[in-house]
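Undergrad: First the structure, then my questions, so here it is.
The values are calculated or read from the model by the stated rules, or taken from the named source; none is laboratory data. Here the structure is a predicted model, which means the values were calculated and not measured. Note that each Cβ is placed from the backbone with ideal geometry, even for glycine, and that neighbours are counted across all protein chains shown. Keep in mind that these areas ignore ligands, DNA and RNA; they rest on the heavy atoms of the full protein, side chains included. Shrake-Rupley method; radii C 1.70, N 1.55, O 1.52, S 1.80 Å.
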Amino acid sequence: MPGFELFSDLERKEVHDVLDNGVLMRYGFDGMRNGHWKAKALESELSKTFQSKHVQLVSSGTAAVSVALASVGIGAGDEIIMPTFTFVASFEAIMMLGAIPVLVDIDDTLTLDPKAVEAAITPKTKGVMVVQMCGSMGDMDALKSVCDKHNLIFVEDACQAIGGSYKGQPLGSIADLGCFSFDFVKTITCGEGGAVVTNNKDYYINSNHYSDHGHDHIGNDRGAETHPFLGYNFRISELHAAVGLAQVRRLPEFIAIQKKNYSIIRDALSQISEVTFRRVPEGGEESYAFLNFFLPDAESGLKVAEAFKTNGIDVCWNYYHNNWHYIRKWDHLKELKSLFPISKEVKEGLQYLKTKTFEQSDHFIARNISCLIKLSWTEEEVKLRAEKMVKVIMEHI
Ligand SMILES: *Cc1c(COP(=O)(O)O)cnc(C)c1O
């Protein structure tokens with residue numbers, strides 16, 4: 001997945017353009033920049049890539065989620081439904097606004113189960129956030145119809161699925177708002193960065209102002225701009241945007257490499273009848289950033305993950321036993337370990353995590369192995385890796 005594996009003169013040239021005139025900030029300084037507007041250029045490139053009318057770059061994927069939610073007016077005491085399997089950023093971004101993350105089960109897509117979503121709706125629910133984990137997607141039609149039926153905002157975190165699609169539409173462009181991360185390990189990287197994409201002009205304008213201290217961005221005198229509402233600073237810098245600009249132009253090349261490497265490994269693992277693969281909803285095409293497969297039971301899931309490690313097969317994880325991506329190990333959330341006081345609504349709203357169990361999610365995550373697909377592997381290396389994986393799996397099921 002990580003685009004940094006293939007940094008080239010293309011990235012260097014874009015960064016040099018910025019350093020040559022010295023304007024590292026994305027807004028203002030029109031006279032000094034010699035026509036270089038890297039953040040603007042990247043937004044327009046992303047708008048084409050993700051077939052979305054509006055793109056607002058921000059400083060990270062986590063910021064993108066907060067900005068997206070803020071731009072539709074989500075805040076104190078509102079409930080946002082999100083999956084048990086995701087990155088910690090999902091609940092961080094929700095809680096930053098004083099809203100309450102309501103975690104619900106995933107299904108064999110490794111993303112939100114539409115039935116679990118519907119069951120979790122309360123009068124306080126304002127939105128549903130699907131997280132397109134590990135290069136694939138949720139049942140977008142089913143999730144969208146739940147949101148439509150209950151009049152909820154639908155948000156799509158496509159940070160890990162850059163370049164995937166559903167019924168011909170790029171992931172991230174399907175819901176009311178999409179969020180992307182371009183941090184150092186994502187398929188295209190800025191070093192640090194993120195984006196909110198939407199076809200809704202009001203959400204875009206709100207994102208645009210909110211991510212830059214509420215500035216209205218009218219005219220070309222920053223000091224004279226007014227503040228229609230309170231904002232914050234989630235700006236991206238020109239240096240970061242410059243790297244991303246080179247990277248996004250290379251996305252088709254990256255996806256083609258991922259697909260090739262993914263297919264070699266998947267074909268090899270398909271020979272093992274006990275191995276099954278995550279379900280990709282009909283009409284969906286993965287980004288091939290990861291290969292996810294299931295073993296027959298939790299025990300073989302753990303055994304194979306450990307055997308991969310001892311046999312030198314890296315970048316494969318069983319997230320049931322990993323601190324990153326699954327509710328089971330998020331004690332800091334369950335115990336609300338915060339540096340500062342948390343609002344009463346959020347405290348009460350998160351009580352359920354002290355007792356709630358997620359058997360359906362456990363059933364999928366404990367048996368799952370998620371393997372990163374790297375861009376820098378040679379064909380020889382991928383074939384060797386695939387052979388080794390088959391051998392290790394056969395020995396441990
Ligand atoms: C990486 C990631 C984020 C957060 O992105 P940052 O840019 O690191 O803040 C959010 N959601 C998911 C699913 C991610 O993988």
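Undergrad: Based on this model, can you work out whether Ser211 counts as within 16 Å of the ligand (Cβ to nearest atom), in contact with a Lys or Arg (Cβ under 9 Å, 6 or more places away or on another chain) and in the same structural domain as Met96 (by TED's automatic domain parsing)?
TA: Yes; evaluated as a whole, the condition is true for this residue.
Undergrad: If you go through region 56-91 one residue at a time, how many are under 27 Å from His217 (Cβ atoms) and within 16 Å of the ligand (Cβ to nearest atom)?
TA: 16
Undergrad: Of everything in region 56-87, what is in a strand (DSSP E or B) and open to solvent by 10 Å² or more (accessible area, probe 1.4 Å)? Give them in sequence order.
TA: Keep residues of region 56-87 that are in a strand (DSSP E or B), which gives 56-58, 79-83, 85.
Listed by number, the list holds a single entry, Glu79.
Undergrad: Of the conditions (1) within 16 Å of the ligand (Cβ to nearest atom); (2) open to solvent by 30 Å² or more (accessible area, probe 1.4 Å), Cys134 clears all except one; give me its number.
TA: Failing condition for Cys134: (2).
Undergrad: Which members of region 349-397 meet the condition of being part of a loop (DSSP other than H, G, I, E, B), more than 26 Å from the chain's Cα centre (by Cα) and more than 25 Å from Glu5 (Cβ to Cβ)?
TA: Of region 349-397, the ones part of a loop (DSSP other than H, G, I, E, B) are 350, 355-358, 366-367, 373-378, 397.
Those still in the list that are more than 26 Å from the chain's Cα centre (by Cα) too: 355, 378, 397.
Scanning region 349-397 gives Thr355, Ile397.
Undergrad: Please tell me if Gly219 is more than 21 Å from Leu57 (Cα to Cα) and not assigned by TED's automatic domain parsing to the domain that holds Met389. Walk me through how you get there before you give the answer.
TA: On the way: more than 21 Å from Leu57 (Cα to Cα): no; not assigned by TED's automatic domain parsing to the domain that holds Met389: yes.
Criteria not met by Gly219.
Undergrad: Let me ask something additional. Just to verify a result, which residue in region 28-39, among those that are assigned to a helix (DSSP H, G or I) and open to solvent by less than 40 Å² (accessible area, probe 1.4 Å), is nearest to Thr122 (Cα to Cα)? Talk me through it step by step, then tell me what you get.
TA: Looking only at region 28-39, we keep the residues that are assigned to a helix (DSSP H, G or I), and these are 30-32, 38-39.
Those still in the list that are open to solvent by less than 40 Å² (accessible area, probe 1.4 Å) too: 38-39.
Details: Lys38: 43, Ala39: 39 Å.
Ranking the candidates gives Ala39 first.
Undergrad: Restricting to region 1-27, name every residue that is under 23 Å from His217 (Cα atoms), among the β-branched types (Val, Ile, Thr) and part of a helix (DSSP H, G or I).
TA: Of the residues in region 1-27, the ones under 23 Å from His217 (Cα atoms) are 18, 21-27.
Subset that is among the β-branched types (Val, Ile, Thr): 18, 23.
Scanning region 1-27 gives a single hit, Val18.
Undergrad: Only one of Val104, Val65 is out of contact with any Cys (no Cβ under 8 Å at 6 or more places or on another chain) and modelled with pLDDT of 95 or more; which? Before you say what the answer is, go through the steps one by one.
TA: On the way: Val65 fails: out of contact with any Cys (no Cβ under 8 Å at 6 or more places or on another chain).
Unique residue meeting the criteria: Val104.
Undergrad: Follow-up. How many residues, within region 330-348, are touching a residue at least 40 places away in the same chain (Cβ under 8 Å), part of a helix (DSSP H, G or I) and under 13 Å from Phe91 (Cβ atoms)?
TA: Filtering region 330-348 down to residues touching a residue at least 40 places away in the same chain (Cβ under 8 Å) leaves 330, 333, 342-343, 345-346.
Next cut, part of a helix (DSSP H, G or I) only: 333, 345-346.
Now restrict to residues that are under 13 Å from Phe91 (Cβ atoms): 333, 346.
Number of matching residues: 2.
Undergrad: Taking the conditions exactly as written (aliphatic (A, V, I, L, M) and open to solvent by 40 Å² or more (accessible area, probe 1.4 Å)), does Ala93 satisfy them or not? If you could, list the steps in order and put the result at the bottom.
TA: On the way: aliphatic (A, V, I, L, M): yes; open to solvent by 40 Å² or more (accessible area, probe 1.4 Å): no.
Taking the combined requirement at face value, the residue does not satisfy it.
Undergrad: List pairs: first residue in region 154-183 and free of Cβ contacts under 8 Å to residues at least 12 places away in the same chain, second residue crowded, with 24+ Cβ neighbours inside 10 Å and in a strand (DSSP E or B) anywhere in the structure, Cβ distance under 6 angstrom, at least six positions apart or on different chains.
TA: Within 6 Å, no pair qualifies.
Undergrad: Here are Val102, Val117: which of them is away from the ligand (no atom under 16 Å from the Cβ) and out of contact with any helix residue (DSSP H, G or I) (no Cβ under 7 Å at 6 or more places or on another chain)? Walk me through how you get there before you give the answer.
TA: Details: Val117 fails: out of contact with any helix residue (DSSP H, G or I) (no Cβ under 7 Å at 6 or more places or on another chain).
One residue alone meets the criteria, Val102.
Undergrad: Let me ask you something else. Consider region 152-209. How many of its residues are closer than 17 Å to Val55 by Cα, buried (at least 20 other Cβ atoms within 10 Å of the Cβ) and among the β-branched types (Val, Ile, Thr)?
TA: Matching residues across region 152-209 total 8.
Undergrad: Let me ask something else about it. When you look at Leu42, is it open to solvent by less than 10 Å² (accessible area, probe 1.4 Å) and either closer than 28 Å to Ala224 by Cα or free of Cβ contacts under 8 Å to residues at least 12 places away in the same chain (or both), yes or no? Before you say what the answer is, go through the steps one by one.
TA: Details: open to solvent by less than 10 Å² (accessible area, probe 1.4 Å): yes; either closer than 28 Å to Ala224 by Cα or free of Cβ contacts under 8 Å to residues at least 12 places away in the same chain (or both): yes.
When the stated conditions are applied, Leu42 passes them.
Undergrad: Restricting to region 215-265, and then to whatever is within 28 Å of the chain's Cα centre (by Cα) and among the basic types (Lys, Arg), can you tell me which residue is surrounded by the most Cβ atoms within 10 Å (Cβ to Cβ)?
TA: Among residues in region 215-265 that are within 28 Å of the chain's Cα centre (by Cα) and among the basic types (Lys, Arg), the one surrounded by the most Cβ atoms within 10 Å (Cβ to Cβ) is Arg235.
Undergrad: For region 274-295, state whether one or more residues are surrounded by fewer than 22 Cβ atoms within 10 Å (Cβ to Cβ), assigned to a loop (DSSP other than H, G, I, E, B), polar (S, T, N, Q) and touching a residue at least 60 places away in the same chain (Cβ under 8 Å).
TA: no
Undergrad: Does region 105-131 hold any residues that are among the hydroxyl-bearing types (Ser, Thr, Tyr), open to solvent by less than 40 Å² (accessible area, probe 1.4 Å) and in contact with a strand residue (DSSP E or B) (Cβ under 8 Å, 6 or more places away or on another chain), and which are they? If you could, list the steps in order and put the result at the bottom.
TA: So in region 105-131, the residues among the hydroxyl-bearing types (Ser, Thr, Tyr) come out as 109, 111, 122, 125.
Then keep just the ones that are open to solvent by less than 40 Å² (accessible area, probe 1.4 Å); that gives 109, 111, 125.
Thr111, Thr125, listed by residue number.
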